[in-house]
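The values are calculated or read from the model by the stated rules, or taken from the named source; none is laboratory data. Just so it is clear, the structure is predicted and the values come from calculations on it, not from any experiment. For neighbour counting, all protein chains shown are included, and Cβ atoms are generated from backbone atoms with ideal geometry for every residue, glycine included.
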Amino acid sequence: MKAYETVQKARDIHRLSTIEMINALCTGFVELHGDRAMKDEKSIVGGVGLINKTDPITIIGIQKGRNTEENIRRNFGSSGPAGYRKAIRLMKQAEKFNRPVLTLINTAGANATPESEEYGIGEAIATALTTMSELTVPTLAIILGEGGSGGAIALALSDEVWMLENSIYSILSPEGFASILWKDSRLASDAAEMMKLTASELLELDVIDRVIPEAEMSNEELAAYLVPEIVTALANLKTVDANTRLAKRYDRFRKY
Amino acid sequence: MGFFRKKKKYVPITPLRTEEMKQRHAQIPDDLASACPGCHEIIFKSMIGQDYLCPKCDYHLQFPARERVDWLMDEGTFREWDQEITAANPLEFPGYDEKINKGQRLTGMNEAVLTGQGELEGLPFAIGVMDSRFIMASMGTVVGEKLTRLFERATELDLPVVLYIASGGARMQEGILSLMQMAKVTQAVSRHSQAGLLYCPVLTHPTTGGVTASFAMQGDITLAEPAAIVGFAGKRVIEQTIKSELPADFQKAETVLENGFIDRIVSRKKQHQGLHFLLQVHQKERTVE
């Protein structure tokens, strides 16, 4: 039942979060709010920052709560359409000002409520995908915890996709998977074994580009380890001209 | 008096010709008649016309993909693309091969989508039709590949795309690779769009999950068939989340139109005319050769 242990680690609300990563990476960061259509969705945090006091970056990430109160405010890291539309707005802004986009993912999936449907969660995710596929700036996505379904890939159509060692990325939660296939969500751990949702399995399937080892690092240590890795990756992507980068991104997702 | 009280309320009949009856029953095809999902009346197969409408209430019944193509396009103009690509089992998922075989037997197709090009009243376009009898027309690697090629080739040939969508969403048995199809198809739709070409999805029953969250909602003009379910999360999943029942019109195309995500609902009787008009409006100026 090793895969399911990873699932549990990936769901730990004390894992490295979007906000912790932003604080480690940026010497200054301004969070920007709202989708300009409906509201400000708190499960998606986005804004503009500086790396090393000089290099602008747009960061958009999904934030779970660390306690019940915060979790309710952040809707347990499941965003409705307004969150994805805020992400789209900030991506277009990054495009205009020619700065790279880093996305940080930790969601069990998009919000499944009547309101979410009413305001077009399908359309919001679809447009996030289109927007990401058309960005000419360098893009990097890192899955910090859970990478659940459409709500995760909506922010992961990037030049490079990385996963933390104990994160997961899947088409559906193992519980959902087990209940669809065997009509029994208690078989989740069996489902997890079959689903190839761990970072190492996904690297082997060529779905992701890199696994970030977690070892026994604290959140601070892990974030500190990631900072130079992110900086270098974005710098490398920047050396490639935009058309080549776009063609590469196309091929990256064309191969599946 | 007990004698009278024992009188039964029914008369037992011994079926005398069981074998003969069984044989006769066996000769009746299973799909001779079925209940219309709309009006619940019994409709005989022979009563259903070429457009697969319920003869009693005009309910839009499930339309087999190949028949839909024949019904829609000018006779003899359809040329199929990538017919030979067959569903595979990339993650060697147990029981999946049997599901694929069943889908193939039911539909006579290699996978859940049919693609190609043809004409409607003389106007050329590329077309895709998904067939929900094939594993709910869920999207795995082959459906994603055929749709990607549809948009790529349409871009090369400078053709608009009309895509009849029906899908249960991403195909579970191909796991994460099905999720990747959302990105793959999106990219091809985007390139087609950037070439200034029309993409007109027609949402049919049901259009759900990862398909709604990608190419079903990336059209220039989005049409839908009456009463089609169009949504992202399944109704039952949402009901479990909120622990109460949802209204009957939840995720119905008519509701989704009211919410602002569909341009028009077009019944089959008006689809030839409607699509022809849109193709005409978006015809690219072609240099006369």
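A few comments on the model shown:
- Taken over the range A:112-147, residues that are among the polar types (S, T, N, Q) and within 19 Å of A:TYR169 (Cβ to Cβ) amount to 2.
- For the range B:32-49, the condition holds for at least one residue, the condition being that it is buried (at least 16 other Cβ atoms within 10 Å of the Cβ), of a type in the set (A, V, I, L, M, F, W, C) and outside any loop (DSSP other than H, G, I, E, B).
The rows are residues; the columns are (1) of a type in the set (D, E, K, R); (2) more than 19 Å from A:ILE19 (Cα to Cα); (3) at pLDDT below 95.
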site: A:LYS96; (1), (2), (3): yes, yes, no
site: A:ILE105; (1), (2), (3): no, no, no
site: A:TYR119; (1), (2), (3): no, yes, no
site: A:LEU129; (1), (2), (3): no, yes, no
site: A:ILE143; (1), (2), (3): no, no, no
site: A:ALA156; (1), (2), (3): no, no, no
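- Annotation: A:THR130 fulfils all but one of (1) touching a residue at least 24 places away in the same chain (Cβ under 8 Å); (2) hydroxyl-bearing (Ser, Thr, Tyr); (3) on the phi < 0 side of the Ramachandran plot; the unmet one is (1).
- Those residues of the range A:206-256 which are hydrophobic (A, V, I, L, M, F, W, C) and at positive phi, in sequence order: A:ALA215
- For the range B:86-114, the set of residues classified as away from every other protein chain (no Cβ under 14 Å) and part of a loop (DSSP other than H, G, I, E, B) consists of B:THR86, B:ALA87, B:GLY108, B:MET109, B:ASN110, B:GLU111, B:ALA112, listed by residue number.
- Meets criteria (within 14 Å of chain B (Cβ to nearest Cβ), surrounded by 15 or more Cβ atoms within 10 Å (Cβ to Cβ) and farther than 26 Å from B:VAL142 by Cα) for A:SER170: no
- Just one of the listed residues (A:TYR4, A:TYR84) is touching a residue at least 40 places away in the same chain (Cβ under 8 Å) and under 24 Å from A:ASN111 (Cβ atoms), namely A:TYR84.
- Counted residues, the range B:143-191 - those being among the hydrophobic types (A, V, I, L, M, F, W, C) and over 16 Å from the mean Cα position of the chain (by Cα): 16
- Among the candidates A:SER116, A:SER79, residue that is closer than 17 Å to A:GLY150 by Cβ, within 13 Å of chain B (Cβ to nearest Cβ), among the hydroxyl-bearing types (Ser, Thr, Tyr) and assigned to a helix (DSSP H, G or I): A:SER116
- A:PHE177 passes every criterion in (1) free of Cβ contacts under 8 Å to residues at least 40 places away in the same chain; (2) more than 14 Å from every other protein chain (Cβ to nearest Cβ) apart from (2).
- Qualifying residue in the range A:130-148 (condition: in a strand (DSSP E or B), at the interface with chain B (Cβ under 8 Å from one of its Cβ atoms), in contact with a strand residue (DSSP E or B) (Cβ under 6 Å, 6 or more places away or on another chain) and surrounded by 24 or more Cβ atoms within 10 Å (Cβ to Cβ)): no
- The lone criterion from (1) among the acidic types (Asp, Glu); (2) touching a Lys or Arg at 6+ places or on another chain (Cβ under 9 Å); (3) away from chain B (no Cβ under 11 Å) left unmet by A:ASP206 is number (3).
- Residue count for the range B:68-93, restricted to those that are of a type outside the set (Val, Ile, Thr), surrounded by fewer than 17 Cβ atoms within 10 Å (Cβ to Cβ) and at pLDDT 95 or above: 7.
- Residue check for B:GLN187: facing chain A (nearest Cβ under 8 Å) and either farther than 20 Å from B:ILE262 by Cβ or touching a Lys or Arg at 6+ places or on another chain (Cβ under 8 Å) (or both): yes
Conditions (1) surrounded by fewer than 24 Cβ atoms within 10 Å (Cβ to Cβ); (2) not polar (S, T, N, Q), marked per residue:
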position	(1), (2)
B:THR208	no, no
B:SER214	no, no
B:GLU225	yes, yes
B:ILE229	yes, yes
B:ILE238	yes, yes
B:THR241	yes, no
B:GLU245	yes, yes
B:LYS252	yes, yes
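- Test result for A:LYS86, over 20 Å from B:ALA183 (Cβ atoms) and part of a loop (DSSP other than H, G, I, E, B): no
- Qualifying positions in the range B:258-275 - more than 9 Å from chain A (Cβ to nearest Cβ) and not in a loop (DSSP other than H, G, I, E, B): B:GLU258, B:ARG264, B:ILE265, B:ARG268, B:LYS269, B:LYS270, B:GLN271, B:HIS272, B:GLN273, B:GLY274, B:LEU275
- Taken over the range B:137-166, the residue count meeting the criterion of being within 13 Å of chain A (Cβ to nearest Cβ) and in contact with a strand residue (DSSP E or B) (Cβ under 7 Å, 6 or more places away or on another chain) is 7.
- Verdict on B:THR255 being in a helix (DSSP H, G or I) and either closer than 16 Å to A:THR113 by Cβ or in contact with a strand residue (DSSP E or B) (Cβ under 8 Å, 6 or more places away or on another chain) (or both): yes
- Of all the residues in the range B:240-270, those that are more than 25 Å from A:THR127 (Cα to Cα), in contact (Cβ under 8 Å) with a residue 24 or more places away in the chain and not small (Gly, Ala, Ser) number 2.
- If the condition is being touching a strand residue (DSSP E or B) at 6+ places or on another chain (Cβ under 7 Å) and at the interface with chain A (Cβ under 7 Å from one of its Cβ atoms), then the range B:204-215 contributes B:GLY210, B:THR212.
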